[in-house]
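The values are calculated or read from the model by the stated rules, or taken from the named source; none is laboratory data. Fair warning: this is a prediction, and the values are worked out from it, not measured in the lab. As a convention, Cβ positions derive from the backbone with ideal geometry for all residues, glycine included, and neighbour counts pool all protein chains shown. For the accessible areas, the whole protein counts, side chains as well, though only heavy atoms, and no ligand, DNA or RNA atoms are used. Shrake-Rupley method; radii C 1.70, N 1.55, O 1.52, S 1.80 Å.
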Amino acid sequence: MADSSYDSLTTCSEVLGLPQIQRHVFICADQTHPKCCDKAESIVAWNYLKQRLKELGLDQPTSRSAEQLADDRPACIFRTKANCLRVCQQGPILVVYPDGVWYRSTTPEIIERIIQEHLMGNQIVEEYAFLVHPLPEPNTSGAK
Ligand code: FES
């Protein structure tokens, strides 16, 4: 007999499109201890990110139009609200993985540029990127 809790997780993963994720965006918002920016400002930024990814059909692989499929846009972008990304200045701070691009001052206007230029156009928004550090492949040379 199948493990029902495993089935539930598998279904959830499929509904969320986890196997199709191409990029994961984290943004510091709704902080317990707001340090990088005003808490209300961070919530505005988070809501804008969610709304625009949804409007553009980038948050669910099943919501993509034939036009989006044809022009090679990313299949699925996952977004997560982080309580604090530990930079704690010039926020809202936003990071895009697997690219490892860290952005500062991500107001809705800058988020729109990140979506259009980076997430859809594969061009980093240089003026607001303060670090580019793609995560390295794990070193498995010592693994058995
Ligand atoms: S409070 Fe935003 S990075 Fe720490």
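Looking at region 125-144, can you tell me whether even one residue there is of a type in the set (K, R), modelled with pLDDT of 95 or more, over 21 Å from P34 (Cβ atoms) and away from the ligand (no atom under 16 Å from the Cβ)? So far as region 125-144 goes, no, none of its residues is of a type in the set (K, R), modelled with pLDDT of 95 or more, over 21 Å from P34 (Cβ atoms) and away from the ligand (no atom under 16 Å from the Cβ). Kindly evaluate A40 against the criterion of being surrounded by fewer than 17 Cβ atoms within 10 Å (Cβ to Cβ), modelled with pLDDT of 95 or more, within 16 Å of the ligand (Cβ to nearest atom) and assigned to a helix (DSSP H, G or I). Against the criterion (surrounded by fewer than 17 Cβ atoms within 10 Å (Cβ to Cβ), modelled with pLDDT of 95 or more, within 16 Å of the ligand (Cβ to nearest atom) and assigned to a helix (DSSP H, G or I)), A40 qualifies. For region 118-144, the set of residues classified as in a helix (DSSP H, G or I) and either polar (S, T, N, Q) or closer than 19 Å to F78 by Cβ (or both) consists of H118, L119, listed by residue number.
Scanning region 44-72 for residues that are open to solvent by less than 60 Å² (accessible area, probe 1.4 Å), modelled with pLDDT of 60 or more and not polar (S, T, N, Q) gives A45, W46, Y48, L49, R52, L53, L56, G57, L58, D59, P61.
Listed by first and then second residue, the pairs with beta-carbon distance under 6 Å, at least 6 apart or on different chains, first residue in region 75-88 and closer than 24 Å to Q22 by Cβ and assigned to a loop (DSSP other than H, G, I, E, B), second more than 11 Å from the ligand (Cβ to nearest atom) and open to solvent by less than 50 Å² (accessible area, probe 1.4 Å), are A75/P61; C76/G17; C76/P61. I need the full set of residues from region 116-130 which are over 13 Å from P98 (Cα atoms) and open to solvent by 60 Å² or more (accessible area, probe 1.4 Å), in order please. If the condition is that a residue be over 13 Å from P98 (Cα atoms) and open to solvent by 60 Å² or more (accessible area, probe 1.4 Å), then Q116, E117, Q123, E126, E127, F130 are the ones that fit.
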